[in-house]
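Since the structure comes first, as C-alpha cells, the remarks are kept for the end.
Just so it is clear, none of the values below were taken in a lab; they were calculated from the coordinates. Note that the structure is predicted; figures quoted are calculated from it, not measured. All Cβ positions, even for glycine, are placed from backbone atoms using ideal geometry, and neighbour counts span all protein chains on display.
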Amino acid sequence: MTWLRRFYLSAALWGAACSLVAQPNLDLRGLQGFGLDTAGGRGGEVIRVTNLNAAGPGSLRSALAAVGPRIVVFEVGGVIDLARRNIPVDEPYLTIAGQTAPSPGITLIRGGLSIRTHDVRVQHIRVRPGDAGQPARSGWAPDAISVSGAGAYNVHIDHCSTSWAVDENMSASGPRTLGAGQTSHRVTISHSIIAEALDYASHKKGRHSKGVLVHDFSTEIALIGNLFAHNDRRNPYFKAHATGVVVNNLIYNPGSAAVQLGYIDDEWRDARFAPANPRVSVVGNLLYYGRDTYSDLALVSYRGDAFLGDNRVYNLDGEPMNLTQGAVRLLAEKPQWPAGLQPLPAEAVAGYLLANAGARPADRDPVDRRIVADFRARRGRIIDSQEQVGGYPRAEPVHRPLEIPDDTEAWLQRLAGEVERGASP
C-alpha cells in the first residue's frame, strides 16, 4: 500500500471517528502526476551513511553525490552541520530514507538540500539552516529544501520538517522566464512541517520570512497535508504561469499572506513571454490566525485563478473570516487535480496533521514538539533568528548497524510506519 493511500485511508477513519463525513473506500494506485509515481532509487545500490561529517567517506554528502539508482540509509542519528555549504543533489534516481536512522533521526543545520535532478524521494529528515551567525542583510540566504531547474521533476518530499530558512523553507523554481518546461515540475510536498522561516535575518533584502515558493512556470506542484506555522508570507506562493494544488494544509499564524497567487510585473519587462495568472485548486485547507496575522487576512490573496472548495478561516476569536481578497478569479472547475485524490473535510485537517505531520511524528524533536504545542495553545511568533527559540539542536551521535533484507521496499515501508505512527490528536 502506498504512503498516500495509507494517509487518506487513515485520515478517513479518523474523520469518521469524529462524526465527520466519512470518505469512500479509496484506491489511489492509479494516481499519476505530481511526481508521486517516481520510483526514486528503488532497485538501486544501498548506500550507508555511517557518520555525521559534513563531507568525506561515509557522509550524507558523499552518498548523494554517487552515480546511479541508490537508496541512502543511515546507520547514525544526530545533527549534520553543513557549515554553510548546501548539499547539491545532481544525480537522479535517489531515495533518502531518513526513517532508517536511529532516534533522534537526522537533522541538517547551517545549510540545506538543493535538488537539481529528477526522480528523487526525500523522507523523514529535518532541515534547519538558520542564520549561521551571519549579520543581518549580509547575503547568506539558504532554502531548507529547494527543487530547481528544467531537469528537476518527479520529486517527492514526504514527512520532512523544515524551519529557520533565510530564503524559503521549500521551493520549486528554475530559470523563471524561459517558458514551460524550463523550471521544476511534477513535485509533491506532503506531510511536512514548514515553519518559522526567519524574518529580519541575513537575507540581503531584509525582512524575508517565507514558507514555500512555486516560481514562475513551475507546473504540477502539489502541497498536500502540511503544517505551515509562523511564516510571514508564501504559505505557499504560486507565481506567473504556475499550476498546482493546495490540499488539506493547516496554516497557522501567517503574517501578511497565507496562500498567495500572482506575480511582479517589473520582473517581466524584458522577458520573451508575457506573464499570466497562476491556476491553482485550493481545497480542504484550514487557516487559524495567530498573534502576527493581519486582522483581516484571507486564505487566498492577490492575483490569480483559483478553484476553492471546503476551506475554513478563523480569527483569534474563532470567528470565520474571508476566503479571498484582491483580484482572485474564482473558477467553477478545478484547473488541475491529481486523478483519484479525495481530500479530507477541512475540519478534520488540524487533528490529523498534529498527529501525523513532520519528519518523525512518533519521535519528534524538541522543535517540532514545540511548534505543535504552540498551535494547540495558540501561541508562538514569527522569529528573526533560531536563537530566539533555543538555537540550533544538539545531539550526541547514535549508531545502529543495519541488516538490510532482500525486500528493501517492504523494509523501508515498515520503518516509515514506525516513525510515522501518529501521536494522540
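Structure values in brief
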item: Convex hull per residue volume in Å³, alpha carbons only, for the stretch 261-323; result: 89
item: Theoretical FRET efficiency, 1/(1+(r/R0)^6), r = Cβ-Cβ of ASN315 and GLU387, R0 35 Å, to 0.05; result: 0.70
item: Amide proton proximity set for VAL89, modelled H, under 5 Å, gap of 5+; result: SER114, ILE115, ARG116
item: Extended-chain gain in nm, criterion 0.36 nm per residue less alpha-carbon gap, ILE264 and ARG48; result: 73.3 nm
item: Segment SER103-SER138, length gained on full extension (0.36 nm per residue, minus Cα span); result: 9.1 nm
item: Whole-Å semi-axes of the stretch 101-159's equivalent ellipsoid (Cα gyration tensor); result: 23, 19, 6
item: Local electrostatic count, ALA65, Cβ distance below 9 Å [Lys/Arg +1, Asp/Glu -1]; result: -1
item: Karplus-derived 3J(HN,Hα), 6.51/-1.76/1.60, for each residue of the stretch 254-263, Hz, glycine and proline x; result: x, x, 9, 7, 9, 7, 9, 10, x, 7
item: Estimated [θ] at 222 nm from DSSP helical runs (n ≥ 4, -39500 (n - 2.57)) normalised by residues in the chain, nearest 500; result: -4000 deg cm²/dmol
item: Using a Förster distance of 41 Å, the FRET efficiency for LEU178-SER295 (Cβ separation, nearest 0.05); result: 0.55
item: Ranking of GLU403, GLU387, GLU396, GLU91 by count of other Cβ atoms within 10 Å, fewest first; result: GLU403, GLU396, GLU387, GLU91
item: GNM flexibility winner over the chain from ALA195, ALA327, ALA97 (Cα, springs under 10 Å); result: ALA327
item: Beta bridges by DSSP in the stretch 3-420, antiparallel share as percent, to the nearest 5; result: 5
item: Ranked MET321, MET170, criterion: other C-beta atoms within 10 Å, fewest first; result: MET321, MET170
item: Around SER281: net Lys/Arg minus Asp/Glu count, Cβ-Cβ under 11 Å; result: 0
item: Per-bin percent of Cα-Cα distances, the stretch 267-425 [5 Å]; result: 2, 7, 11, 13, 14, 14, 13, 11, 8, 5, 2, 0
item: GNM flexibility winner over the chain from GLY43, GLY262, GLY304 (Cα, springs under 10 Å); result: GLY43
item: Spin-label zone in the stretch 215-231 - amide nitrogen under 15 Å from a point set 7 Å from the Cα of ASP37 along the C-beta vector; result: 220
item: Taking SER190, SER114, SER138, SER171 and counting other C-beta atoms within 10 Å, the order from fewest to most; result: SER138, SER114, SER190, SER171
